[in-house]
Amino acid sequence: MTKPMAEDEPGGPDAEAAVWLARLHGDDCSAADEEGFRRWISADSANRDAFEHLTEAWELAGSARRSPYRIDLEQARPAGVSRRRVVCGALAALTLAGGMGYWQVALAGVYQTDLGEQKTVTLHDGTLVVLDTATKIRVRYSDARRSLELVHGRCSVNVAPDATRLFDVTAANNTIITSHADIDIRADHGRIQVLCIAGKALVATSGATIPRASLVAGQRLVAGEHLAARIDEPDVDAERSWKAGQLNFDGEALMDAVEEMNRYSTVKLVIADPQIAQLQISGVYRAGDNLAFAQSIQKILPVTVTVQSEKIQIHSAA
């Protein structure tokens, strides 16, 4: 989860709002955190505006008016700012987190897959999660919260609708919130990809270029520690082909395709000659079948392969 920052730590309202959102969703959210949030939200109208944007997902659920929790900041708000905007907007996420300081885990579990393994898990509320190879997730459910942490790897999450609880995912220091959506999430090497298949999802990123993003069906956010965040619209079917045990490459560098293929097999592909690393590869390949991949690229690229017991070396044919 995003690391909480001190109230005077730099980063701007957007970054601070994302941190507060994550903190209020944290297992260890305390009364002191809630009081700190009150001070922060009342200190600057820019803070309220930034946090209000991050509560879009709550409004997607249509649950703000139904929540039993209300925190009155009437005395803290400056003139000209409506009570509805402060309480129903900026405080909606705190409404969501109401009771977090007294978090009681009703359901919790850890699910993971080995190298080359995939697994489908149906959670307590009917949410369907498909874990890709070498993936680990932690799930926590309570009366107030549905939460999933993607520790590493990739998973597909088809979130079941719930009128009273949002669904939040943490991955690589980013927070994804939705009420009902089908999303594909990948986290590795400090990088995250969030693909929205159906519905809507709000992403509070740890990066500075896009600190928050509201994704709709067909959109993907890619962000990382050393990668400028971007939103694009990839080929959804190609991006989801891993669920059928297939890997779809469309002009990828050979080195990237090899890295992806190696995620599924103990028999590793090794590029022996650096000069062929940037050769482009396209095609659909069976995940886990590195030998078939090597034999195929030998026919379409200027390379040769040498098969050994635990690795397949790829050499330049020149």
- Query: Suppose R0 equals 30 Å; then what is the FRET efficiency for D162 and V284 from their Cβ-Cβ distance, rounded to the nearest 0.05?
  - Reply: 0.25
- Item | Cα-based Lys proximity count in the range 188-318, under 24 Å, for pairs eight or more positions apart or on separate chains | 5
- With the dipole of the range 121-230 worked out from charges on the C-beta (+1 for Lys and Arg, -1 for Asp and Glu) around the Cα centre, which of I192, L166, L128 lies farthest toward the positive end? I192
- Computed for the range 152-266: size of charge dipole around the Cα centre, +1 on C-beta of each Lys and Arg, -1 on C-beta of each Asp and Glu, debye to nearest 20, value 420
- Give the carbon-plus-sulfur fraction of the accessible surface of the range 190-318 in %, rounded to a whole number; probe 1.4 Å, heavy atoms of protein chains only. 48
- Item | Å² of accessible area per residue within the range 150-288, as computed with a 1.4 Å probe and no ligands counted | 42
- Task: Run through the DSSP bridge list for the range 116-184 and note the antiparallel percent, rounded to the nearest 5.
- Result: 85
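Pairs of alpha-carbon atoms within less than 8 angstrom and 6+ residues apart define the contacts here; what relative contact order does the range 112-178 have, in percent?
26
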- Message: Under 5 Å between amide hydrogens, which residues at least 5 positions from E117 or on another chain qualify, with H placed 1.01 Å from N in the peptide plane?
- Response: A134
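What does the charge count around G109 come to, taking other residues whose C-beta lies under 12 Å from its C-beta (Lys +1, Arg +1, Asp -1, Glu -1)?
+2
The values are calculated or read from the model by the stated rules, or taken from the named source; none is laboratory data. Everything numeric in this text was worked out from a predicted model, so none of it was measured. No Cβ is skipped: glycine too gets one built from the backbone with ideal geometry, and neighbour counts run over all protein chains shown. SASA here: full protein model, heavy atoms, side chains in, ligands and nucleic acids out. Shrake-Rupley method; radii C 1.70, N 1.55, O 1.52, S 1.80 Å.
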